[in-house]
Amino acid sequence: MDPLRKQLLYVGSGAFLIIAVGAVSAYLILTSGRVSIDTASIQAPLIGLTSTAPGILDAVYVHTGDMITANQPVALVGTQVITSKVAGMVVSVNDAVGAQVNAGVEVVTMIDPSQLRVVDRIDENKGFAQIRIGDPVRFTVDAFSGKTFTGVIDEIAPTSNQSGIVFNISSQRQVQQFDVKARFDTSAYPELRNGMSARMEIYTK
């Protein structure tokens, strides 16, 4: 085969591959449903650090926003040094040094940033039945307008959130709401913070 014909064949094959990939992507977009949620937020479970016995809050060693390590001292209540159980970020501190603190009362509250999720409740009649674990997600946050983040659904509540019941005015039937959570690569998006407002789009099959 002469070099010119070989080169044309190579270019043609590459063009066909690009067109094929584009066609597959377009097909997936066209055949996927989309569930939009406008009231989502970035959240991680709160971890409360408490004293096991009552005493005077003699010292606090951390501040809101600090990144701390596992087993790091965060406060002193009486003779008890309160330490963190895991590494994470401090989100609130009781800085009333000199005050009496009861057992079980949180002195420092923290989160594990690796557990951040996009979280929201969705009405059962607004696409909930189509959502599955592993569905891809795109989301935006109000703090970074114009930037799109990606994730994947990793938790769907097995039961409704009874405290979140709303009413469908047209039928007066109770509409149940379910919690849905999507994980994302926290190392890729270090700018995302606990409590940020978000809008999420779930792409269902």
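Miscellaneous remarks
- Its relative contact order, with pairs defined as Cα atoms under 8 Å and 6+ residues apart, puts the range 77-205 at 28 percent.
- The per residue volume of the convex hull around the alpha-carbon atoms of the range 47-113 is 62 Å³.
- Charge context of Ile133, other residues only, Cβ under 14 angstrom, K/R +1, D/E -1: +1
- Stretched out straight at 0.36 nm per residue, the stretch from Asp123 to Lys147 would grow longer than its current Cα-Cα span by 6.0 nm.
- Under-5 Å amide H pairs with Val105, H placed in peptide plane, nonlocal only: Ser51
Computed from the coordinates by the stated procedures, all read-outs in this text should not be read as laboratory data. These figures come from a predicted structure and were not determined experimentally. Backbone-built Cβ (ideal geometry, glycine too); neighbour counts: all protein chains shown.
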